[in-house]
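Presented below is the structure to which this report refers.
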Amino acid sequence: MQDETPVPPSFFAAEDPSPAWAEARRRCPVESTSVLGAQSVRVLGHAPAEAVLRDSESFSSEINARTMG
């Protein structure tokens, strides 16, 4: 996992984001980052996402309860 990976502007642009997402998956399909001062994990790809969803001890959505109520 990597920390504090910047999000390329192309992720939010009107242009086709597929090449940027493909590069992100190739570079590091599971990235650790900080969002609003809390640790967050960005998971790119079906297999890594399935692994995260099945591992509730390592990965939690607790931040949603704290930030969204």
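The values are calculated or read from the model by the stated rules, or taken from the named source; none is laboratory data. The model shown is predicted, which means the values in this text are computed figures rather than measured ones. Virtual Cβ from ideal backbone geometry, glycine too; neighbours counted across all protein chains shown. With ligands, DNA and RNA removed, areas are computed over all heavy atoms of the protein, side chains included. Shrake-Rupley method; radii C 1.70, N 1.55, O 1.52, S 1.80 Å.
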Problem set entry | Pair list, Cβ under 8 Å, 6 or more apart: the stretch 36-56 residue touching a residue at least 24 places away in the same chain (Cβ under 8 Å), other residue open to solvent by 50 Å² or more (accessible area, probe 1.4 Å) and of a type in the set (S, T, Y) | L36/T67; A38/T67
For this session: Kindly indicate the residue of the stretch 29-49 that is at pLDDT 85 or above and out of contact with any strand residue (DSSP E or B) (no Cβ under 9 Å at 6 or more places or on another chain) and also most open to solvent (accessible area, probe 1.4 Å) among those meeting that condition.
Result: H46
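So in the stretch 49-69, with the set limited to residues that are small (G, A, S) and part of a loop (DSSP other than H, G, I, E, B), which one is farthest from G37 (Cα to Cα)? Quick ask: steps written out before the conclusion?
Step one: of the stretch 49-69, the residues small (G, A, S) are 49, 51, 56, 58, 60-61, 65, 69.
Narrowing the set further to residues that are part of a loop (DSSP other than H, G, I, E, B) leaves 56, 58, 60-61, 69.
Numbers: S56: 21, S58: 19, S60: 16, S61: 15, G69: 17 Å.
Filtering the stretch 49-69 for residues that are small (G, A, S) and part of a loop (DSSP other than H, G, I, E, B), the one farthest from G37 (Cα to Cα) comes out as S56.
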